[in-house]
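Below is one structure; the comments refer to it alone.
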Amino acid sequence: MGFLIHLYLIFKLSHMRVLSKILLSTFLFLLISNVSFSNIYLNDVLSSNMTKNSDILLKKTFAKDLTEYTKAINEKNWDKLEQMTYPKLFTVVAKETLIGSYELLSIMGDITTKLNSVDKVSKVVSSKEEKFCKLWYDATLTIKLNMIMAQAAPMCKEQLESKFGKENVSYDEANTTFTIKNKRTILAISPKKISKWKYLDVDSKGTSKVRKLIPEGILSKLEK
C-alpha cells in the first residue's frame with residue numbers, strides 16, 4: 001500500500017506511461033480476483049427442507065444483506081467486511097491481504113457495486129458440522145478511472161472484455177468510467193445447529209486452497 005502511494009509522488013510525468021502499465025496489471029489482477037464481493041453476513045433462519053415460500057423469503061433476505069455488504073465495500077467499512085467473512089478463509093488468506101486488496105483497488109479509481117437481483121438459491125446441504133447454500137446473483141460494477149489509469153483505458157477495456165465478455169463491458173470515455181454487468185455465485189455457510197450465516201466466494205481464479213475449505217462432495221450437491 002505505502003509503496004504504491006509513494007510511486008504516485010516520486011515518478012515524474014515522463015514515467016507515467018510505464019507506471020500506468022504497472023498499475024494496470026495490478027488493478028486487473030485484483031479486480032478479477034475480488035469482484036466477486038465474496039463474504040456476506042446473513043442473519044436468518046434456513047430450513048434444510050425449503051418450501052417455495054421459504055425460498056422466496058430467502059431471496060429477499062439475501063437481497064437485503066447483499067445490498068448491505070456491497071455498501072460496506074463501497075464505503076470501505078473493512079471492520080464490517082471482516083465480520084461478514086467465513087472465518088476459515090483466514091486460515092489460507094491473511095485478513096490484511098483480503099482488506100489490503102480492496103484498499104489497493106481503491107487507489108486505482110472509484111469502484112462501486114450495485115446488486116440488481118438474486119436469481120436463484122440452492123437447497124441447503126449439510127456436512128457433519130456445517131450447512132451450505134449457494135446463491136446466484138446479478139450485479140453491476142462501476143469503475144471511475146483516475147488520471148493515471150485513464151491513460152491505459154483501451155488496454156483495460158480489452159482485458160475486462162476478455163474476462164467478463166464484450167457484451168457486458170461498456171466504457172464512457174468522456175467520464176473515464178467502465179460499467180460492467182456481472183453474474184456471480186457465492187456460498188452461505190453456517191454452523192449446522194444454528195443459523196448464523198457467513199459467506200465465501202469459491203469461483204475466482206487461483207482459489208484451489210479456498211475450495212478445499214469446503215467438505216468433499218458439498219459443492220457438487222449445491223449444483224443440483
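Computed quantities for the displayed model
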quantity	calculated
Any chance Asp138 is modelled with pLDDT under 90 and among the acidic types (Asp, Glu)	no
Contacts under 9 angstrom Cβ, first residue in region 95-106 being under 13 Å from Glu82 (Cβ atoms), partner surrounded by fewer than 15 Cβ atoms within 10 Å (Cβ to Cβ) and polar (S, T, N, Q), 6 or more apart	none
Qualifying residue in region 113-132 (condition: modelled with pLDDT under 85, over 26 Å from Ser220 (Cα atoms) and touching a helix residue (DSSP H, G or I) at 6+ places or on another chain (Cβ under 6 Å))	no
3 or more residues surrounded by 14 or more Cβ atoms within 10 Å (Cβ to Cβ) and in contact with a Lys or Arg (Cβ under 8 Å, 6 or more places away or on another chain): qualifying strands (runs of 3 or more DSSP E) within region 91-202	109-121, 130-145, 177-191
Residue ID - modelled with the highest pLDDT, chosen from residues in region 203-213 that are farther than 18 Å from Leu81 by Cα and buried (at least 16 other Cβ atoms within 10 Å of the Cβ)	Leu213
Output for region 68-89, where each listed residue is closer than 25 Å to Ser122 by Cβ and loosely packed, with under 14 Cβ neighbours inside 10 Å	Gln83, Pro87
Qualifying residue in region 177-190 (condition: in contact with a Leu (Cβ under 6 Å, 6 or more places away or on another chain) and over 18 Å from Lys88 (Cβ atoms))	yes
Set Leu58, Leu89, Leu66: member being touching a residue at least 40 places away in the same chain (Cβ under 8 Å) and over 19 Å from the mean Cα position of the chain (by Cα)	Leu58
Restricting region 89-121 to residues that are touching a Ser or Thr at 6+ places or on another chain (Cβ under 9 Å) and among the hydroxyl-bearing types (Ser, Thr, Tyr), the residue that is nearest to Thr176 (Cα to Cα)	Thr112
Residue match in region 141-157 (condition: within 25 Å of Ser190 (Cα to Cα), of a type outside the set (Lys, Arg) and in contact (Cβ under 8 Å) with a residue 40 or more places away in the chain)	no
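The values are calculated or read from the model by the stated rules, or taken from the named source; none is laboratory data. Everything quoted here is computed from the prediction, not taken from an experiment. Cβ atoms come from the backbone with ideal geometry, glycine included; neighbour counts cover every protein chain shown.
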